[in-house]
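Readers should treat all values here as calculations from the given coordinates under stated rules, not as data from a laboratory. As the structure is a computational prediction, the values presented were derived from the model and not from experiment. Positions of Cβ are backbone-derived with ideal geometry, glycine not excepted, and every protein chain shown enters the neighbour counts.
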Amino acid sequence: MIEQLKEKFAAKALPLRDEIKALVKANGTHVLGEYTVANIYSGMKGIVSMVTETSKLDPEEGIRFRGYTIPELKEKLPKAPGGKEPLPEGLFYLLLLGELPSEEDVKALSKEFAKRGELPASAKNALDSLPIETHPMTQLSIGLLACQQDSVFAQEYRKGMNKKDYWESTFEDVINVIARMPRIAAYIYRRTYKNNEHIDANPDLDLAGNFAHMLGYSDDEFKSLMRIYLTIHADHEGGNVSAHTTHLVGSALSDAYLSLSAGLNGLAGPLHGLANQEVVRWIMELKKNVGSDPSTEDIRKYLQKTLDEGKVIPGYGHAVLRKTDPRYMAQREFALEYMPDDENFKIVGKIYDVAPDVLRATGKVKNPWPNVDAHSGVLLIHYGLVESDFYTVLFGVSRAIGVLTSLLWDRALLAPIERPKSVTTEWVKSQVTQEPQLN
Ligand code: HAX
């Protein structure tokens, strides 16, 4: 199956390489936009500066994966027998080829991931050598790097491969890394929180089901949660920190292991993926202060206190989105179906009732609505996964699917090394024409 997938990918990606060449030749001077002094001092937001084929984010509507919204994915992607949630293998197929997979395609992918997931001893040894209090995201990055000696791309590059063939060895790396990420993550979870008692993979399960199993959760609902979780966190177009970092590092022809590890280090920041951990810590602090059934007024005061202390409200705001994140809504729907009376879910709902007003009142927050991270933690707690320091690792396992698919497209399209121009403030000042001051 994997050979067929490779052929299908080549049939889609390689002609696009020539198309892009022709597009740039014919339209290379076409102006797409302008940027301002404010743009370069605000994290380059709003500057169109890169191409990502797999997904696109609209500020009002949210993410579309190859043109499909999350509700459409839930309807159209294959599911596990008896399950309602899409399988992340299906999303990988969609991101890779731009077309929906059949049940058979997804089953074959599940098998392939199960076959390729085995970790080298180097990864387990590297993880075992770390102090147990090492943050799970640091462990994830190190565990992945400790597999890097297996990179097919790095080995072929050393032998002197033709640049036209870069994508083929990257294809192997991408499948291998996606297969290994849940195993690295489960290894970290069991060594850190479960007395180093590991659980063997079950090759008959799908990627997310097997992940739940290796973490030590046999509940079918938890498996469903992992399936939707790994699907919706996978991709969010190219400019977010984890995707952009993976792409940037990959542009130096660093292999998939090195590039993703760098991306994961970005995901580990509290303004990005670590926000899911921070949200739960914030909710637990709130409960400690005002009890487990806080009123909306209690919550309003606690939100204000957080802002007054010069901190951010985790799980709220976004650099691009200007509406409630559809990934938040997908998780809310899951909660409404499976755990409507959960105490923490109710608190998340109450925060949603008041936080946007509190944030709007600051007069500066551009998006007062919740993002993906506002919701994920309480779902995990419900099923007993209470170790919040581990939450961003789950995000990382999912994010690998999106950013590595993009890395593969970069290789196929022969994306160049990325090297934006930087300037000094002295230079900016010299460019700004000062109006004569009137006295
Ligand atoms: N709480 C308090 N202040 C906030 C805020 C929030 N949730 N969101 C934005 N602001 C503040 C900014 O810190 C900034 O303040 P200063 O002018 O004093 O620097 C101001 O409002 C304007 O910021 P913005 O333009 O609205 O937002 P940015 O694009 O700069 O930042 C962030 C986007 C997501 C980083 C921001 O909203 C934030 O810090 N949110 C909380 C952390 C979080 O939830 N991160 C996860 C985001 C989604 C994601 O990547 N998931 O992985």
>> If you wrap a convex hull around the alpha carbons of the stretch 268-313, what volume per residue comes out, as a whole number of Å³?
In response: 68
>> Just want to confirm a number: the relative contact order over the stretch 26-74, from Cα pairs under 8 angstrom separated by 6+ residues, in percent.
In response: 20
> Longest span of the chain, sites excluded, free of GluC sites (Glu not before Pro) in DSSP loop with at most 10 other C-beta atoms within 10 Å?
Replying inline: 310-439
>> To the nearest 20 Debye, how big is the dipole of the stretch 1-68 about its Cα centre, given +1 on the beta carbon of each Lys and Arg and -1 on that of each Asp and Glu?
In response: 200
> Cα-Cα over 23 Å: which of LYS79/LYS124; LYS8/LYS111; LYS12/LYS45; LYS8/LYS164; LYS84/LYS111; LYS56/LYS223?
Replying inline: LYS79/LYS124; LYS12/LYS45; LYS56/LYS223
> So how do ASP373, ASP357 line up by other beta-carbon neighbours within 10 Å, fewest first?
Replying inline: ASP357, ASP373
> Looking at the square roots a ≥ b ≥ c of the eigenvalues of the Cα gyration tensor of the stretch 364-415, which shape do they give, rounded for a/c under 1.5, prolate if a/b is larger than b/c, or oblate?
Replying inline: oblate
>> Quick query: amide H of GLU237 versus all other amide H atoms, modeled in the peptide plane; which residues come in under 5 Å with a sequence gap of 5 or more or a different chain?
In response: SER55, LYS56
> Longest segment of the chain with no chymotrypsin sites (Phe, Trp or Tyr not before Pro) in a DSSP loop having at most 14 other Cβ atoms within 10 Å?
Replying inline: 42-439
>> Run through the stretch 375-425 and list the trypsin sites (Lys or Arg not before Pro) located in a DSSP loop whose Cβ has at most 15 other Cβ atoms within 10 Å.
In response: LYS421
> What is the set of long-range amide H partners of TYR316 at a cut-off below 5 Å, with H atoms built 1.01 Å from backbone N?
Replying inline: ASN371
> Where does the stretch 1-124 land on Rg(C-alpha)/(2.2 N^0.38 Å)?
Replying inline: 1.40
> Relative contact order, percent, of the stretch 92-183 when contacts are C-alpha pairs under 8 Å separated by at least 6 residues?
Replying inline: 37
> With springs only between Cα atoms under 10 Å, which of LEU32, LEU77, LEU321 fluctuates most in a Gaussian network model of the chain?
Replying inline: LEU32
>> For Cα pairs less than 8 Å apart in space and 6+ apart in sequence, what is the mean separation divided by the residue count of the chain, i.e. the relative contact order in percent?
In response: 21
> If amide H atoms are built 1.01 Å from N in the plane of the peptide, which residues on other chains or at least 5 residues away come under 5 Å of the amide H of GLU85?
Replying inline: ALA80
> How long is the chain along each principal axis, judged by its Cα atoms, biggest number first, in Å?
Replying inline: 72, 63, 44
>> Positive end of the dipole of the chain, charges at C-beta (+1 Lys, Arg; -1 Asp, Glu), about the Cα centre: which of GLY315, GLY28, PRO326 has its Cα farthest in that direction?
In response: GLY28
> Which value in deg cm²/dmol, rounded to the nearest 500, describes the helix-derived mean residue ellipticity at 222 nm for the chain, given -39,500 (n - 2.57) per DSSP H run of n ≥ 4 and division by the residue count?
Replying inline: -18500 deg cm²/dmol
> If a helix is a whole DSSP H run, which ones in the chain reach 27 Å or further along their own axis (Cα) and hold a mean Kyte-Doolittle hydropathy of at least 0.0?
Replying inline: 391-412
> Among PRO88, PRO120, ILE132, whose Cα lies farthest out toward the positive end of the dipole of the stretch 54-138, if unit charges sit on the beta carbon of Lys, Arg (+1) and Asp, Glu (-1)?
Replying inline: PRO120
> With the dipole of the stretch 322-439 worked out from charges on the C-beta (+1 for Lys and Arg, -1 for Asp and Glu) around the Cα centre, which of THR392, LEU404, VAL354 lies farthest toward the positive end?
Replying inline: LEU404
> So how much slack lies between ASN27 and GLU103, counting 0.36 nm per residue of separation and subtracting their Cα-Cα distance, in nm?
Replying inline: 23.3 nm
> Expressed in nm to one decimal, what extension gain is obtained for the pair ALA252 and GLU61 from 0.36 nm per residue of sequence separation less their Cα-Cα distance?
Replying inline: 65.4 nm
>> To the nearest 20 Debye, how big is the dipole of the chain about its Cα centre, given +1 on the beta carbon of each Lys and Arg and -1 on that of each Asp and Glu?
In response: 960
>> At 0.36 nm per residue, and after removing the present C-alpha to C-alpha distance, how many nm does the segment from ASP298 to ASP219 gain when stretched out fully?
In response: 25.0 nm
> How many percent of the alpha carbon pairs in the stretch 111-195 exceed a separation of 21 Å?
Replying inline: 36
> For the stretch 200-325, what does the alpha-carbon gyration tensor say about shape, rounded, prolate or oblate, given a ≥ b ≥ c as the root eigenvalues, a/c under 1.5 as rounded, and a/b over b/c as prolate?
Replying inline: oblate
>> Could you derive backbone 3J(HN,Hα) for the stretch 34-45 from the dihedral phi with the Karplus parameters 6.51, -1.76 and 1.60 (θ = phi - 60°), listing whole Hz in sequence and x where the residue is Gly or Pro?
In response: 10, 10, 10, 4, 4, 4, 6, 9, 10, x, 6, 5
> Can you tell which of SER224, SER141, SER295 shows the greatest fluctuation in a Gaussian network model of the chain with Cα springs below 10 Å?
Replying inline: SER295
